[in-house]
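Below: the structure, in structure tokens.
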Amino acid sequence: MLCKFEEELLKLLEPFNAKVYLGEFEDTQNIASCINGLEACVLVDFESESYKDLENKTGIWKLYILTHTSSKNPKHRINAKHKLFKTLEQIDDVLKNAELDNGFRIEPKDLKKVFEGVSDHGYLNVYARTLQSNFLPKNDFLRI
């Protein structure tokens, strides 16, 4: 179920340049490669799962939303931050209205700033949105 959910999540977030997170934050050069040529991108990272009972489990993902401007000018930095806020709202709308296979439902949770600042690559913002999904086993009696 985890693979299927992540694949569907990536497909949903394709318009936002979504990719699987592969440790890009370990090195600033890797962060630069994520955003190279893009104003924004989303990295999808599986974080954990837990069982509520023997049949129901909950998965937790992080979405890292990155925006970037090569200019260090305050006007461009403010514009980049406002673009980030707009992107966050658009992503939330997509997630809240998503209809995924197997009864997966996406519940957006907290949003936290991971990084904001000027780097060798310009001005960079990184926010992390926590997502939760409760997985239920497919049941033939529930099919419509």
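The table below gives the values:
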read-out	value
For the range 46-56, Karplus couplings with θ = phi - 60° (6.51, -1.76, 1.60), whole Hz, Gly/Pro x	6, 10, 6, 9, 8, 8, 7, 7, 5, 10, 9
Stretch gain in nm, segment E99-K75, where the contour uses 0.36 nm per residue and the Cα spacing is subtracted	4.8 nm
Residues E55 and E107, FRET efficiency given R0 of 22 Å [Cβ-Cβ distance, rounded to 0.05]	0.75
5 angstrom amide H check on L100, placed H, neighbours 5+ away	none
Prolate/oblate/rounded call for the range 64-112, Cα gyration tensor, a/c under 1.5 rounded	prolate
Karplus (6.51, -1.76, 1.60) ³J(HN,Hα), θ = phi - 60°, over the range 81-88, in Hz, Gly and Pro reported as x	5, 5, 5, 4, 4, 5, 4, 4
Nearest-10 value in Å² for the accessible area of K113, using the 1.4 Å probe	110 Å²
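The values are calculated or read from the model by the stated rules, or taken from the named source; none is laboratory data. If you're wondering where the values come from, they're calculated on a predicted model, not measured in any experiment. Virtual Cβ from ideal backbone geometry, glycine too; neighbours counted across all protein chains shown. Note: accessible area is taken over every heavy atom of the protein model, side chains too, but ligands, DNA and RNA are not part of it. Shrake-Rupley method; radii C 1.70, N 1.55, O 1.52, S 1.80 Å.
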